[in-house]
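Chemist: Right, I'll just put the structure down here and ask away after.
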Amino acid sequence: MRLSHLLAGAAMLAVSATAASAATITIATVNNGDMIKMQKLSPKWEAATGNKINWVVLEENVLRQRVTTDISTKGGQFDILTIGSYETPIWGKLGWLVPLEFPASYDVNDVFPGVRDALSAGGKLYAAPFYAESSFTLYRKDLFDAAGLKMPATPTYQELAGFADKLTDKSKEQYGICLRGKAGWGENMAFVDTLVNGFGGQWFDMKWNATIDTKPWHDALNYYVDLLHRDGPPGVTGNGFNENLALFTTGHCAMWVDATSAAGLVYDKSSSQVWDKTGFTAAPHGVTSNGTGWFWAWAMAVPTTSKNQDAAKSFLAWSTSKEYIELVGQTFGYTVLPPGTRISTYSNPNYIKAAPFAETVKASVLTADITKPTMNPVPYVGIQYVAIPEFQAMGTEVGQLVSAALAGQITVDAALTKAQASVSATIEQAGYK
Amino acid sequence: MSLRAKSHPVAGTIAWLASLLMFFPIFWTVLASFKTELGAIATPPELIFTPTLENYTEILSRADYLSFAMNSVVVSFGSTVLALLIAVPAAYAMAFYPTKRTRSTLLWMLSTKMLPSVGVLVPIYLFARNVGLLDTRTGLILMYMLMNLPIVVWMLFTFFKEMPKAIIEACLIDGASQWQTITMILLPLVLPGIASTALLNVILSWNEAFWSLNLTAHDAAPLTAFIASFSAPQGLFWAKLSAASTMAIAPILVFGWFSQRQLVRGLTFGAVK
């Protein structure tokens with residue numbers, strides 16, 4: 001590539017720009033590495049189209065509240081919203097988002113089918129993905145070698161616990177395993193949901209009866225609490241992705257199960273002390289492999305309240321295109337290509353060479369099936385979430401109870417009894433039963 | 001005898017300790033802003049390190065600081081002026097011409113501060129949308145004025161109440177009109193109180209985050225939105241966030257430093273002191 005491809009892309013944009021007069025679009029987005037790169041590259045799109053972009057960058061939870069308020073009240077403040085695979089189908093069904101149709105040159109079939117499905121409702125695509133992730137296991141190859149241990153390609157939870165016991169050395173501030181403990185539906189519950197799935201559990205049965213106070217949840221939570229008490233770092237209830245990233249990259253964790261998007265950050269020589277000592281393998285499983293690796297995509301959608309829909313769609317087409325991904329590689333290096341969205345990314349030899357984690361990430365994203373998240377059939381989609389509007393509040397409440405059990409403020413049994421009662425009441429009130 | 005000679009050593013020590021405790025988070029933030037991202041999260045914390053300006057360079061390249069700062073200045077001072085214009089006559093009337101409902105009116109005003117902001121987010125957002133005040137400085141000025149008005153009225157009411165009513169009566173007997181009494185006698189006497197109220201209002205408006213994040217997008221976003229844009233869900237961000245925070249609090253710290261004499265004078269103010 002592909003200068004000719006880039007020029008062709010720019011020409012395509014220029015043509016589409018002449019169809020609509022220059023516009024100023026406002027993009028609400030989250031502050032992460034991929035979006036910062038997009039911000040830095042966006043002047044190229046502005047120059048090609050004559051349009052202008054106002055960026056509104058917010059922290060994830062603030063962004064979620066801000067865009068939810070705006071779209072639900074039809075505030076019309078934004079032309080492009082950054083949302084996840086949880087919100088997209090719900091908002092799409094409500095008619096809040098503009099269905100997306102791209103020209104053939106966009107090659108929508110190059111987007112991983114699972115990613116497309118997660119961002120669609122009623123067969124229509126409502127958001128364009130700029131990165132997708134699953135979860136996997138990161139481990140310290142040097143510590144495993146020194147202890148004579150070998151990480152399997154598809155480890156079980158019991159194997160992980162055994163490794164963690166052997167690799168914990170609290171006198172050296174070396175902890176066998178780091179996991180999320182901070183309360184929140186997108187924090188500790190992201191991991192706990194996959195853990196429960198792996199132990200054969202689920203949120204609801206086919207009649208929408210809550211199934212939280214059941215054996216798989218008890219087994220999963222006892223495993224989680226005991227493991228982190230034995231082999232986890234101190235203050236684990238305050239640890240989310242960033243805290244664990246900091247612990248892992250500074251050499252304090254032997255293993256870490258978290259988002260595949262961690263790979264690029266751990267492999268970043270400028271901020272990681274363990275970039276050359278880290279191995280990657282699949283997320284652990286238990287009695288089943290269904291739903292043991294989560295699925296999440298950050299994507300961009302155009303709200304129906306946007307007054308600049310053509311310009312907004314033009315930007316989406318550019319910023320999630322194959323040409324854009326190539327541009328990222330040429331500008332910032334191939335290690336940091338937006339992962340998990342396009343099949344062609346994983347056949348790019350520059351990426352395969354620069355990112356040794358690429359194949360594991362691809363396998364994890366391909367394996368994660370949001371339509372079959374559990375061992376037994378369930379009436380919902382979503383692996384680490386239940387794709388219903390009530391889940392945010394429900395998930396966070398259960399997350400707080402799990403966090404309290406981890407902190408030793410209540411027992412696992414008490415936490416699950418309370419969670420069962422609360423979730424049952426919410427789902428009944430919402431009219432699912 | 002000087003004030004310094006009067007201070008008790010134990011009280012002085014406690015005051016120093018309290019001051020250091022309050023200042024420590026600011027000191028730590030400023031320190032972290034000159035570290036690398038890895039240095040900012042290092043355990044044990046780095047106290048001796050090679051300072052870097054890379055965080056400041058990075059955030060200045062990613063955001064238009066001056067635009068955010070200008071919005072903060074306009075909104076904070078605008079809402080303060082507007083609040084004073086309404087609160088001075090209101091507090092004057094309640095202090096010097098109270099009725100049997102004055103007390104309950106004051107308590108009702110204060111009770112509006114007890115409502116969690118998020119409880120009225122949707123109605124206020126809809127109202128702002130319908131009248132075209134979303135993402136405008138005017139909208140934020142009005143919001144901050146309304147939000148801080150109870151405190152401003154209460155403070156001014158307290159200052160006015162401390163004024164002997166005889167001063168007002170003497171002016172009126174001497175033939176001064178109400179307007180002259182207020183502008184020529186009362187306001188100069190309570191000026192330190194008004195100044196300290198204004199300063200407090202500016203600081204409250206400057207630091208307000210909930211409404212500024214929810215009612216603005218780009219055009220009217222103040223420095224609180226600037227800080228929020230450097231908090232990240234994934235990746236290390238403490239050093240950059242610290243640099244953004246330092247840049248956001250620097251103007252108000254300098255402003256507070258220069259006006260501290262006025263602030264203390266106002267808070268210990270009394271017409272007959």
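Chemist: Beyond 21 Å, what share of the Cα-Cα pairs of segment A:114-243 remains, rounded to the nearest whole percent?
Modeler: Result: 53 percent of Cα pairs exceed 21 Å.
Chemist: Taking amide H atoms as placed 1.01 Å from N in the peptide plane, list the residues 5 or more away in sequence, or in a different chain, whose amide H sits under 5 Å from that of residue A:24.
Modeler: For residue A:24, the qualifying residues are A:52.
Chemist: Let me ask another. Give A:74/B:35; A:74/A:372; A:44/A:93; A:37/A:172; A:124/A:362 a once-over and call out the pairs whose C-alpha atoms are over 32 Å from each other.
Modeler: From the list (A:74/B:35; A:74/A:372; A:44/A:93; A:37/A:172; A:124/A:362), the Cα-Cα distance tops 32 Å for A:74/B:35; A:74/A:372; A:44/A:93; A:37/A:172.
Chemist: What share of all Cα pairs of segment A:80-127, in percent, falls into each consecutive 10 Å distance bin?
Modeler: For segment A:80-127, the binned pair fractions read 27, 56, 17 percent.
Chemist: Per the Kirkwood treatment, what hydrodynamic radius in Å, one decimal, follows for segment A:167-286 from the mean inverse distance over all distinct Cα pairs?
Modeler: Across segment A:167-286, the inverse of the average 1/r is 15.2 Å.
Chemist: Across segment A:164-177, in residue order, what do the Karplus-derived ³J(HN,Hα) couplings come to in whole Hz, using 6.51 cos²θ - 1.76 cosθ + 1.60 with θ = phi - 60° and x for Gly and Pro?
Modeler: Per residue, the Karplus-derived 3J(HN,Hα) values read 4, 4, 6, 9, 7, 9, 5, 5, 9, 6, 10, 10, x, 8 Hz.
Chemist: Per residue of segment A:351-359, in order, report the coupling 6.51 cos²θ - 1.76 cosθ + 1.60 (Karplus, θ = phi - 60°) as ³J(HN,Hα) in whole Hz, putting x for Gly and Pro.
Modeler: Karplus-based 3J(HN,Hα) across segment A:351-359 equals 6, 4, 6, 7, 10, x, 8, 4, 5 Hz.
Chemist: Enumerate the residues in segment A:28-55 having an amide nitrogen under 13 Å from the point lying 7 Å beyond the Cα of residue B:64 toward its Cβ.
Modeler: Within reach of a label on residue B:64: A:52-55.
Chemist: Going down the list A:150/A:277; A:182/B:113; A:40/A:322; A:40/B:240, which pairs span over 19 Å between their C-alpha atoms?
Modeler: A:182/B:113
Chemist: Toward the positive end of the charge dipole of chain A, about the Cα centre and with charges on Cβ (Lys, Arg +1; Asp, Glu -1), which of A:245, A:127, A:280 goes farthest?
Modeler: Ranked along the dipole, the leading option is A:127.
Chemist: On to the next question. If you project the alpha carbons of segment A:38-123 onto the principal axes, what extent comes out on each, in Å, largest first?
Modeler: If we take the Cα atoms of segment A:38-123, the spans are 35, 32, 21 Å.
Chemist: Using only the alpha carbons, work out the radius of gyration and Dmax of segment A:305-433 in angstrom.
Modeler: Taking only Cα atoms of segment A:305-433, I get Rg and Dmax of 21.2, 54 Å.
Chemist: Can you list, bin by bin at 5 Å, the percent of alpha carbon pairs in segment B:96-192, starting at 0?
Modeler: P(r) for segment B:96-192, in whole percents per bin: 2, 10, 16, 16, 14, 13, 10, 10, 6, 3, 1.
Chemist: Pull out a ≥ b ≥ c, the square roots of the eigenvalues of the alpha-carbon gyration tensor of chain B, then state rounded if a/c is under 1.5, prolate if not and a/b is larger than b/c, and oblate in the remaining case.
Modeler: Taking the square roots of the gyration eigenvalues as a ≥ b ≥ c, chain B is oblate.
Chemist: Let's see if you can work this out: charge +1 on each Lys and Arg Cβ, -1 on each Asp and Glu Cβ, no other charges. What is the dipole magnitude of the protein assembly as shown about its Cα centre, in debye to the nearest 20?
Modeler: 1620
Chemist: Take residue A:166, project a point 7 Å from its Cα along the Cβ direction, then tell me which residues of segment A:112-151 have their backbone nitrogen under 16 Å from it.
Modeler: Residues passing the 16 Å test: A:139-151.
Chemist: Cα-based Rg of segment A:223-322 per 2.2 N^0.38 Å, rounded to two decimals?
Modeler: Segment A:223-322 yields a ratio of 1.49.
Chemist: On to the next question. What percentages, rounded to whole numbers, describe P(r) for the protein assembly as shown computed over all alpha carbon pairs with 10 Å bin width beginning at zero?
Modeler: 3, 13, 21, 23, 19, 11, 7, 3, 1, 0
Chemist: Show the residues, 5+ positions off or on another chain, whose built amide H is closer than 5 Å to the amide H of residue A:31.
Modeler: Amide H neighbours of residue A:31: A:58, A:60.
Chemist: Follow-up question, since we're still on this one. Can you give the FRET efficiency for residue B:108 and residue B:255, using 1/(1 + (r/R0)^6), R0 = 41 Å, r = Cβ-Cβ distance, to the nearest 0.05?
Modeler: 0.80
Chemist: Follow-up. How far is helix A:391-407 tilted off the main Cα axis of chain A, in degrees rounded to 10, range 0 to 90?
Modeler: In chain A, helix A:391-407 runs at an angle near 40 degrees to the longest axis.
Chemist: Each label point is 7 Å from the Cα along the Cα-to-Cβ direction; what then is the distance between the points at residue B:195 and residue B:53, in nm?
Modeler: Those two pseudo-labels are separated by 3.5 nm.
Chemist: Based on the Cβ-Cβ distance from residue A:353 to residue B:130, what FRET efficiency comes out when R0 is 51 Å, to the nearest 0.05?
Modeler: After rounding to 0.05, the efficiency reads 0.35.
Chemist: Right, next: Quick one: the Cα spread of segment B:1-149 along its three principal axes, in angstroms, biggest first?
Modeler: Largest first, segment B:1-149 extends 63, 56, 27 Å along its Cα principal axes.
Chemist: Starting from 0.36 nm per residue, how many nanometres of slack lie between residue A:276 and residue A:428 once their C-alpha separation is accounted for?
Modeler: Net length gain for the segment: 49.6 nm.
Every read-out reported here was derived from the displayed coordinates using simple, explicitly stated rules and does not represent laboratory data. All of these numbers come straight from a predicted model, not from anything done at the bench. As a convention, Cβ positions derive from the backbone with ideal geometry for all residues, glycine included, and neighbour counts pool all protein chains shown.
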